[in-house]
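To start, the structure itself, in C-alpha cells.
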C-alpha cells in the first residue's frame, strides 16, 4: 500500500516496508479567489451566534443547516467540571436552517442537546447531529431528524460515555453513505474514544476500526467525515494533522497531509474538497508553520488549488472555520467556534 500527498514536493520515508509520504513544507502560498461575507445569516431578534461547528447543505443545494451552541462560547477544551454545558437549560433551538438569502426558515432541538457538534444532511434530506458531551442523563448521542425536526432515530446511552459497542464517548461527526449505511467518528481527544463505527441503515452496528495512536490507521481525534463519488470515506484525523482515506469496510487506502490540520471536510458532487483548519499555530502545538483557514482542491488527485486564510495571523484558541460546506453554486460556508459566527465566501 502506498500513501502519498500530491503533488507538493515530497520527502518519502520508508517505515516497516510501507512507503509514507510527508509534505516538505506548509501549503500556505495559494491564491484566494473568494471574498468574505459577514453577517450573512440573520438570527432572530434577541439572539446572537454562539460557537458553531456543524454545517451542511440542504438537499435543495442552496439552503444551509447549522448546529449552533445556543449563543454560548463553548469550545470543548473550555468545558471544565461544574461549568454549565452550552445548551443545558437554554430555550434556544440549536438546529437552524437558513435559505439562500440568509433568512432563518426553520429551527428545532430545544432541550435535547448539551453540546451539538457535527451535523450532516443525508441523501434523503434527513438531518443527523452529534451531541459531543454528556451530563445528567443527556448527551453522548447521535440523533436523526427529518427535515421538519421529527426525531427518527437515537443512538447511544443518554449522558453515558464509554468504549462499549452500544455507546459513544464524545462523538464528533456522522456521515451517511448513499446505501443508507452510516459512519460515526467517535472521539474528541483526551480520555474519549478514537474510532470509526459503521452502522447499517436500521442502526445496527456493523463494525468498528481504529485505535489511539499515530501509525497508519491509528487515530488521534476523529473530528470530521466526508465521502467522495467513489464511496471512499475521508476521516479528519485532526491531532495527527492528516486525512485518512478508507474504504467502507475500514481498509486504509491513502493518507493526505497537504490539506493541513483537518477540523472539517466537505466534498461536493464534482469531487471538489474543502478542508477547514481552525487550530494550527493556536490550539495545536504540533503544527506550526501551517496557516489556519480553508484549503480547496480535488478529491480525485489530492491537489490543493486555493486557500482562504484566517485573517487572524496568530491566535491563542480555535479560530476561523471548524465546520465547512459548499452549496451547488460553489459558495462556501464556514462554521466558526471561537469567533462565534457563520461566514459565507463567494468568488469575487
Would you mind pulling out the separation of the Cα centroids of the range 120-169 and the range 205-226, in Å?
19
Translational D (Stokes-Einstein, µm²/s) of the range 148-279 at 25 °C and 0.890 mPa s when Rh comes from the Kirkwood sum over C-alpha pairs?
165
So for the chain, what are the equivalent ellipsoid semi-axes in whole Å, largest first, each being the square root of 5 times an eigenvalue of the Cα gyration tensor?
28, 24, 19
Given 272-281, 98-107, the highest-first ranking by average Cβ count within 10 Å works out to 272-281, 98-107
How do 145-152, 34-41 rank on mean C-beta neighbours within 10 Å, highest first?
34-41, 145-152
Based on the inverse mean of 1/r over its pairs of different Cα atoms, what is the Kirkwood hydrodynamic radius of the range 270-313, in Å?
11.1
Mind checking the full-extension length gain between residue 248 and residue 62? Use 0.36 nm per residue of separation minus the Cα-Cα distance, one decimal, nm.
64.1 nm
Please give the contour-minus-distance gain from residue 209 to residue 270: 0.36 nm per residue of separation, less the Cα-Cα distance, rounded to one decimal in nm.
19.1 nm
Packing-ranked peptide list from 69-75, 158-164, 25-31, highest mean Cβ count within 10 angstrom first, is 69-75, 158-164, 25-31
Between residue 218 and residue 110, the FRET efficiency computed from the C-beta separation at R0 = 41 Å comes out, to the nearest 0.05, as 0.60
Post the alpha-carbon centroid distance, the range 85-108 to the range 254-280, in whole angstrom.
26
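FYI, it's all coordinate maths here, none of it is from the lab. The structure displayed is predicted, hence computed values, not measured ones. Positions of Cβ are backbone-derived with ideal geometry, glycine not excepted, and every protein chain shown enters the neighbour counts.
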